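Comments concern the structure below.
The values are calculated or read from the model by the stated rules, or taken from the named source; none is laboratory data. These figures come from a predicted structure and were not determined experimentally. When we count neighbours, we look across all protein chains shown, and the Cβ atoms used for this are built from the backbone with ideal geometry, even at glycine. Each accessible area value is taken on the protein alone, full model and side chains, heavy atoms only, with ligands, DNA and RNA left out. Shrake-Rupley method; radii C 1.70, N 1.55, O 1.52, S 1.80 Å.
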Amino acid sequence: IISRGVLNRRIYYLNSKGKLLRGSFEEGLPFEGDVTGVRDNGLWGIIDTKGKWRVKPKYTALRNLGNGLFYVSEDAKTVRIINTKGELVNTSTYLWAGRLNSTLAITKDSNGFDLINQNGKSILPYKFDKITALGNGHGLM
């Protein structure tokens, strides 16, 4: 069990025994599974439940898409999708990405919206003008 605490506008993570995982961070996401995204010195990376860097900070933006996927940006204009090892899950560059449910992410590129699975593969036969998350893991196209 990992707890997240805030002190003097810094984020701290503690294990179930109250031990700090490592130093503090400027910003941090909740743990999902054994990893979370944290921002340190203005850049985002990924740490595990032992406080070790899985992906060293190098991104201007990072958000958890679920199921071991994160969207990351190095230029604040486009995003890529990586796994918890920092490996790209596909070769696509997106304008936007967001979570639909625990197994699917919504992506948008210059051709429209799509859904990708945890392997970074599209599950739709074509792009849509819009996809909206409806809750309970359902989407409206």
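Values computed for the structure shown
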{"read-out": "Residue among 78, 93, 107 that alone is modelled with pLDDT of 90 or more and crowded, with 20+ Cβ neighbours inside 10 Å", "value": "107"}
{"read-out": "Positions within region 1-14 being surrounded by fewer than 14 Cβ atoms within 10 Å (Cβ to Cβ) and in a strand (DSSP E or B), in sequence order", "value": "3, 5, 6, 7, 10"}
{"read-out": "Qualifying residue in region 15-22 (condition: more than 18 Å from residue 74 (Cβ to Cβ) and either surrounded by 17 or more Cβ atoms within 10 Å (Cβ to Cβ) or under 14 Å from the mean Cα position of the chain (by Cα) (or both))", "value": "yes"}
{"read-out": "Meets criteria (more than 27 Å from residue 123 (Cα to Cα) and either open to solvent by less than 30 Å² (accessible area, probe 1.4 Å) or in contact with a strand residue (DSSP E or B) (Cβ under 6 Å, 6 or more places away or on another chain) (or both)) for residue 86", "value": "no"}
{"read-out": "Every residue from region 52-98 that is assigned to a loop (DSSP other than H, G, I, E, B) and within 20 Å of residue 21 (Cβ to Cβ)", "value": "52, 68, 84, 85, 86"}
{"read-out": "Residue within region 34-44 that is part of a loop (DSSP other than H, G, I, E, B), open to solvent by less than 20 Å² (accessible area, probe 1.4 Å) and in contact (Cβ under 8 Å) with a residue 12 or more places away in the chain present", "value": "no"}
{"read-out": "Unmet requirement for residue 102, which otherwise passes all of (1) under 14 Å from residue 120 (Cα atoms); (2) surrounded by 13 or more Cβ atoms within 10 Å (Cβ to Cβ)", "value": "(2)"}
{"read-out": "Residue check, residue 65 touching a residue at least 24 places away in the same chain (Cβ under 8 Å), crowded, with 18+ Cβ neighbours inside 10 Å, in contact with a Gly (Cβ under 9 Å, 6 or more places away or on another chain) and within 19 Å of residue 132 (Cα to Cα)", "value": "yes"}
